[in-house]
Each structure stands twice: as C-alpha cells, then as structure tokens.
Amino acid sequence: MRRSTILLALLITASLFGIVAARQNTRSQFIALQEAQAKHFALDNRWGQLELEQATLASNARVGDIARQKLGLSAPKSNQIIMVRTR
C-alpha cells in the first residue's frame with residue numbers, strides 16, 4: 001500500500017507540472033496572438049493610408065498640374081491635332 005501511495009503522489013505531481021506547463025504555453029501563445037493582431041491592425045491602417053495617398057497622387061488633376069507647372073506642357077491647339085483613321 002505504501003508503494004501505491006507514493007506512485008499515486010508522483011503521478012499527481014507530474015500531472016500538476018503538466019497542467020502548469022500547458023497553462024504557461026497557452027499564455028505565451030495568447031500573448032503572441034495579441035501581438036500579431038496588433039501588427040495586423042497597424043498594417044491594415046498603413047495599407048489604407050497608402051491607398052489614399054496613391055489615389056491622391058494619381059488623380060488626373062494633380063498629374064495635369066505637374067505637367068503644366070514642372071514640365072511646361074499644355075493642351076495642344078486645334079491645328080496641332082492630327083486625326084489618324086483606322087481601317
């Protein structure tokens with residue numbers, strides 16, 4: 001009987017260590033999940049900002065302003081336009 005009591009105590013102790021290790025692992029994984037979710041949220045916000053910036057930079061009005069101001073371009077006059085017919 002003494003031997004079975006000692007064996008039972010060892011098994012219970014081993015089970016408790018297993019439970020503690022599993023809980024620690026769960027906490028670590030939860031912290032990693034929260035960090036990944038925070039990074040996802042930050043990247044999602046940045047992606048939205050970049051899309052907005054791209055839309056602003058690529059707008060026709062902005063491209064036209066840069067063409068006129070920095071490159072000195074202007075719309076062609078009617079006598080400068082040549083119509084090309086296709087078959």
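Coordinate-derived values only; no laboratory data. Bear in mind the structure is a predicted one, so any value in this text is a computation, not a measurement. Neighbour counts are summed over all protein chains in view; Cβ atoms, including those assigned to glycine, are modelled from backbone coordinates with ideal geometry.
Computed from point charges on the beta carbon alone (+1 for Lys and Arg, -1 for Asp and Glu), the dipole magnitude for the chain about its Cα centre is near 240 Debye. Could you point to the residue in I19, I81, N60 farthest towards the positive end of the chain's charge dipole, with +1 and -1 charges on the Cβ of Lys/Arg and Asp/Glu respectively? Selected residue: I81.
When the P(r) of the chain is calculated, the portion above 20 Å amounts to 73% of the C-alpha pairs.
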